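Comments concern the structure below.
The values are calculated or read from the model by the stated rules, or taken from the named source; none is laboratory data. Nothing here was measured: the structure is a model prediction, and the numbers come from that model. For neighbour counting, all protein chains shown are included, and Cβ atoms are generated from backbone atoms with ideal geometry for every residue, glycine included. When the accessible area is computed, the model is the full protein with side chains, heavy atoms only, and any ligands, DNA or RNA have been set aside. Shrake-Rupley method; radii C 1.70, N 1.55, O 1.52, S 1.80 Å.
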Amino acid sequence: MFKEFQDQVASLVDEALQNRGLEADPVYTIPTVESFGDLSTNVAFQLASTLKKAPAEIARSLAEEIKPAGLVKEVKAAEGYLNFYLDYRALAEALLPQVGPGYGRGRGKEKVIIEHTSANPDGPLHIGHLRNAVIGDTLARIMRFAGYDVEVHYYLNDMGKQAAKVVWGRRRFRLEGGKKDAATARVYIEASRVIEEEGREDELSQMLSQYEAGDEKVVEEFKAAVEYCLEGIKETLTRLGIRHDRFVWESAFVRDGSVEKIIHRLASSGHGKKVDGALMVDLSPFGIEKEMVLTRSDGTSLYIARDLAHHAWKLGRGRAVNVWGADHKLVASQLSAALTILGFEPPEFIIHEFISLPTGGMSTRKGVFISADELIEETVEKALEEVESRRSDMAEDAKRRIAEHIGVAAVRFNIARIAPEKSMVFKWDEALDFERQGAPFIQYAYARGIKILQRASTEAAAGHGAPEPDPSEKRLLKVISRFPLAVEEAAASRKVSTVAAYTIELANTFHSFYMSSRVLGSDREGFRLSLVKAAVHVLGSAMELLGIERLDEM
């Protein structure tokens, strides 16, 4: 409904400009000060040089000419801006009956393949992978809700040296018990140490050549090693509420001849050249000075050749969106340039910066890393301490169940709320903030709303014949009306932080409404119940997009 208000404002401004024979490209913003209305435009400033008048004078003249209609109740000029005011009573009557299962959902958009996580199958997910997975899964949820046909992929690098080290290690070292990805990491770390100390890199190259050639015994070894580790990785993802529609094996594109075809096409494109038997691609016309190496001197393909074949396959199925870490920026640019040479539209890249704990960084090869499991477990334990301090009356199993949901939500939301281009330090006091900005604060708002509805003795009003809303009711109505816009903006811009920011704003607004406006037993009970019902529904939808569990009690 706020989008409808925006459209009506734009139409009124356009009509006023046309009546005067003027042209402008007005910018519309939502004022942070309530007295300046619900939507403002700078159009008077744009016209100042043309009309040779002060913006304040132009704004006053336009305000006198514009006749409010629809959801636009009033227009005022202030400090050179045109400020438009919502008819909140009309908004309530139109909006509240609409807030239901379909509210905010889009329809009929294009097919999009989102690739995220795609960690090497050599150990558990670390906190860098965790940021990738949360961004990717949240984006997939948002884009599906916005009407895109979304398919989520995990690309398995089963032909790299990391996978070869795991297979080499499994031949020599015992896989101990416990979580399968953690057991794999122990073998990988020990194999890395021995291979480096004894100089046995040639054995890895030989194994990779055998695997690429389709040696049955070696193929079976690689398959078993990758699937074993992947089982542990999937456990972590499942705990976070993250699922993939398809696991795509890198080796599949070698087996079906796709890689060979891509190599041939690039070799004959005018950009390829052989250097000491290795095939390289000159990407300098695209501003990339570092040449891209497709094959080694022995003719075996490198990772990027296989990823090009993978992307050619993906791009034949829909638009491709990749969530990659900042350490892949060069590869992303090389991949895009090579796909352009091949005649494909390059994928979109969401490049995220690094995430760390206050204690510092990590290295998988040396065994110094913080696993996603450790971070989640620590967050859940801290959530349990908080729950125990607040709910000593609650049964132990209920405390642990709620702490699990709060901890997972805290991890997901604390990552989603930070724009991917910003590096971040994961801080538990921020993630588990019950009072202001954390996921528990959102879950608490939802639980509060549910409690009101459960205690209500009357049906929530449909919104017809709504009274003139008071200030706290207006603020809540306005935020609820902006939900479809937040979803659409996040899906179009691929920025999950937009929905995170919207959700915390809605939770804040609902908490303020709760503290200032009595619902049950008030003379506005029916109307306020309809507001609570709408707020709870939108909060629930937004939480689902963010992967935050909805709790009926906290």
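Note that the stretch 178-318, at 10 °C in a medium of 1.306 mPa s, gets a Stokes-Einstein diffusion coefficient of 90 µm²/s from its Kirkwood radius over C-alpha pairs. Accessible surface ranking for LYS474, LYS495, 1.4 angstrom probe, highest first: LYS495, LYS474. Across the stretch 104-240, the convex hull enclosing all Cα atoms gives 115 Å³ per residue. Of the residues HIS511, PRO124, ALA500, the one whose Cα sits farthest toward the positive end of the charge dipole of the chain, with +1 on the Cβ of Lys and Arg and -1 on the Cβ of Asp and Glu, is HIS511.
Within the shell defined by Cβ-Cβ distances under 11 Å, the residues around VAL408 carry a net charge of -1, with Lys and Arg each +1 and Asp and Glu each -1. One decimal place: the segment SER297-ASP397 gains 29.9 nm when fully extended, by the rule 0.36 nm per residue minus the C-alpha distance. By the Cα gyration tensor, the stretch 464-554 has an equivalent ellipsoid whose semi-axes, rounded to whole angstrom, run 25, 15, 10 from largest to smallest. Summing +1 for each Lys or Arg and -1 for each Asp or Glu among the other residues whose beta-carbon sits under 12 angstrom from that of GLY547 gives +2. When HIS153, HIS328 are compared by accessible area at a 1.4 angstrom probe, the order from most to least is HIS328, HIS153.
Between SER493 and ALA252, the simple spin-label model (points 7 angstrom out along Cα→Cβ) gives 3.4 nm. The amide H of GLY325, built 1.01 Å from its N in the peptide plane, has HIS352 as neighbours under 5 Å, considering only residues 5 or more places off or on other chains. To the nearest 10, the accessible area of GLU65 is 60 Å² with a 1.4 Å probe. Quick check on the stretch 270-410: take the gyration tensor over C-alpha atoms, sort the square-rooted eigenvalues as a ≥ b ≥ c, and tell me if it's rounded (a/c under 1.5), prolate or oblate. The shape class here is prolate.
How much net charge surrounds VAL519 when only other residues with a Cβ under 12 Å from its Cβ are counted (Lys, Arg +1; Asp, Glu -1)?
Once positives and negatives cancel, what remains is +4.
What the Cα atoms of the stretch 1-66 give is an Rg and a Dmax of 11.9, 37 Å.
For the pair the stretch 58-100 / the stretch 161-230, the C-alpha centres are spaced 66 Å from each other.
Ordered by 1.4 Å accessible area with all protein chains kept, LEU485, LEU531 run largest first as LEU485, LEU531. Of the residues VAL99, VAL112, LEU139, the one whose Cα sits farthest toward the positive end of the charge dipole of the stretch 19-160, with +1 on the Cβ of Lys and Arg and -1 on the Cβ of Asp and Glu, is VAL99. In terms of its C-alpha gyration tensor, the chain has an oblate overall shape, because the principal axis ratio a/c (a ≥ b ≥ c, square roots of the eigenvalues) is not below 1.5 and a/b does not outweigh b/c. Seen from every direction in turn and averaged, the convex hull around the alpha carbons of the stretch 189-236 projects onto 4.0 nm². Among beta bridges identified by DSSP and lying wholly in the stretch 23-172, the antiparallel ones come to about 70 percent. By the helix-only formula, in which each DSSP H run with n ≥ 4 contributes -39500 (n - 2.57) and the sum is divided by residues, the chain has a 222 nm mean residue ellipticity of -17500 deg cm²/dmol.
Sorting the segments 535-543, 285-293 by their residues' average number of neighbouring beta-carbon atoms within 10 angstrom, most packed first, yields 535-543, 285-293. When the Cα centres of the stretch 264-298 and the stretch 315-342 are compared, how far apart do they sit, in Å? Rounded to whole Å, the Cα centres lie 17 Å apart. Sorted into 10 angstrom bins from 0, the C-alpha pair distances of the stretch 378-438 split as 23, 49, 21, 6, 0 percent. Quantify how much of the Cα-Cα distance distribution of the stretch 5-154 extends past 17 Å, in percent. Of all Cα-Cα pairs in the stretch 5-154, 71 percent lie more than 17 Å apart.
Annotation: HIS511 carries an accessible surface of approximately 20 Å², with a 1.4 Å probe and no ligand, DNA or RNA atoms counted. For the stretch 68-168, how big is the tail of P(r) above 15 Å, as a whole percent of Cα pairs? Of all Cα-Cα distances in the stretch 68-168, 76 percent exceed 15 Å. Peptides 72-78, 402-408, 267-273 ordered by packing proxy, namely the average of other Cβ atoms within 10 Å per residue, highest first: 402-408, 72-78, 267-273.
If a/c stays under 1.5 just call it rounded; otherwise compare a/b with b/c (prolate if a/b is bigger, oblate if not). Do that for the stretch 149-195, with a ≥ b ≥ c from the square roots of the Cα gyration tensor eigenvalues. Because a/c hits 1.5 or more and a/b fails to exceed b/c, the stretch 149-195 counts as oblate.
In units of the rule-of-thumb radius 2.2 N^0.38 Å, the stretch 409-498 shows an alpha carbon radius of gyration of 1.39. For the peptides 502-509, 42-49, residues were scored by their other Cβ atoms within 10 Å and the scores averaged per peptide; the highest-first order is 502-509, 42-49. Relative to its residue count, the stretch 112-189 spans a Cα convex hull of 92 Å³ per residue.
Only protein atoms count toward the accessible area here, which uses a 1.4 Å probe; on the chain, the carbon and sulfur part of that area reaches 48 percent. Any chance you could check the Cα centroid distance between the stretch 488-506 and the stretch 430-445 for me, in angstrom? Taking the Cα centre of each part, the stretch 488-506 and the stretch 430-445 sit 17 Å apart.
The residues of the chain have, on average, 44 Å² of accessible surface per residue, using a 1.4 Å probe with all protein chains present. When the listed pairs LYS474/LYS533; LYS290/LYS329; LYS234/LYS314; LYS3/LYS111; LYS422/LYS495; LYS73/LYS478 are checked against a 20 Å cut-off, the alpha-carbon distance exceeds it for LYS234/LYS314; LYS3/LYS111.
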